[in-house]
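Comments concern the structure below.
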Amino acid sequence: VTSKLQRCNIVLSSQNGASAMEVRMDLETHLLDSVHIVMTTLGTAGNRTLANAAKFEVVVVDEAAQSVEPSTLSALQLGSKHAILVGDPQQLPATIFNVSGRNTKYDRSLFQRLEEAGHNVHMLNQQYRMDPAISHFPRKIFYGGNLLDGPNVQKPDYGNPLRQMLLRQVPAFSPFTILDL
């Protein structure tokens with residue numbers, strides 16, 4: 001809340017019969033309307049306070065390939081102009097806890113539905129997180145060689161100082177180690 005006057009006006013409304021919950025929601029809505037960026041989970045995107053706030057110009061949904069359609073739709077109803085779905089359909093599918101949902105395609109994400117309908121999907125061609133020894137397999141098998149290692153992971157000091165400490169203390173550990181226990 002940007003000013004004491006605005007806070008006072010919202011709190012004064014509580015004296016006119018509004019419950020503490022209504023006053024809290026008014027304060028939260030006012031706060032949401034006064035900021036430029038809001039980050040939330042898909043589970044919270046359906047919250048009544050968010051629904052009461054002004055529409056967002058852009059809604060970005062991360063891990064969109066892993067979320068079921070209704071979850072994604074709860075976030076999209078918060079925006080009015082642009083939606084960006086970020087996800088990797090080569091990784092985990094939409095998460096469901098009941099196998100019967102597969103019969104009704106409930107295990108399909110909105111990301112997957114739009115991709116199957118022919119919407120443009122832009123694949124990033126570099127990964128910046130995995131050591132090349134680890135990324136070699138998925139780059140070749142899942143991405144057909146179209147995914148490259150970023151320059152940061154190709155540097156000899158990638159993962160330092162933790163990597164060097166682990167290699168000194170446990171020399172058998174390399175970026176990719178299989179332990180047969």
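Looking at GLN112, GLN77, which one is under 30 Å from ARG139 (Cβ atoms) and not basic (Lys, Arg)? First the steps, then the outcome.
Working: GLN77 fails: under 30 Å from ARG139 (Cβ atoms).
The unique qualifying residue is GLN112.
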Members of the range 33-69 found to be surrounded by fewer than 17 Cβ atoms within 10 Å (Cβ to Cβ) and of a type in the set (A, V, I, L, M, F, W, C), listed by number
VAL35, ILE37, VAL38, MET39, ALA51, ALA54, VAL58, VAL60
Could you check how many residues of the range 119-134 are polar (S, T, N, Q) and surrounded by 16 or more Cβ atoms within 10 Å (Cβ to Cβ)?
1
Hey, can you tell me all the residues within the range 95-107 that are open to solvent by 90 Å² or more (accessible area, probe 1.4 Å) and among the β-branched types (Val, Ile, Thr)?
VAL99, THR104
State all residues of the range 77-123 that are part of a loop (DSSP other than H, G, I, E, B), among the charged types (D, E, K, R) and in contact with a strand residue (DSSP E or B) (Cβ under 9 Å, 6 or more places away or on another chain); if no residue qualifies, say none.
ASP107, ARG108
For residues that are touching a residue at least 24 places away in the same chain (Cβ under 8 Å) and over 30 Å from ASP149 (Cβ atoms), tally how many sit in the range 84-100.
1
Hey, ALA83 touching a Leu at 6+ places or on another chain (Cβ under 6 Å), surrounded by 13 or more Cβ atoms within 10 Å (Cβ to Cβ) and under 30 Å from LEU50 (Cα atoms) or not
yes
I need a count of the residues in the range 141-176 that are in contact (Cβ under 8 Å) with a residue 40 or more places away in the chain and either closer than 23 Å to GLN91 by Cα or not in a loop (DSSP other than H, G, I, E, B) (or both).
4
Test of understanding: among LEU92, LEU110, LEU73, which residue is open to solvent by less than 60 Å² (accessible area, probe 1.4 Å) and closer than 24 Å to THR40 by Cα?
LEU110
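Quick one: count up the residues across the range 45-75 that are part of a helix (DSSP H, G or I) and in contact with a helix residue (DSSP H, G or I) (Cβ under 8 Å, 6 or more places away or on another chain).
Looking only at the range 45-75, we keep the residues that are part of a helix (DSSP H, G or I), and these are 45, 48-52, 64-66, 69-75.
Next cut, in contact with a helix residue (DSSP H, G or I) (Cβ under 8 Å, 6 or more places away or on another chain) only: 45, 48-50, 52, 64-65, 69, 71-75.
So the answer is 13.
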Pairs with Cβ under 7 Å, 6+ apart, first in the range 108-135 and β-branched (Val, Ile, Thr), second loosely packed, with under 14 Cβ neighbours inside 10 Å:
ILE134/PHE176
I'm trying to understand the selection: among the residues of the range 145-159, which are open to solvent by 60 Å² or more (accessible area, probe 1.4 Å) and over 25 Å from the mean Cα position of the chain (by Cα)?
GLN154, LYS155, PRO156, ASP157
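The values are calculated or read from the model by the stated rules, or taken from the named source; none is laboratory data. Since we're looking at a predicted model, the values are computed, not measured. All Cβ positions, even for glycine, are placed from backbone atoms using ideal geometry, and neighbour counts span all protein chains on display. Only protein heavy atoms, including side chains, enter the accessible area calculation; ligands, DNA and RNA are left aside. Shrake-Rupley method; radii C 1.70, N 1.55, O 1.52, S 1.80 Å.
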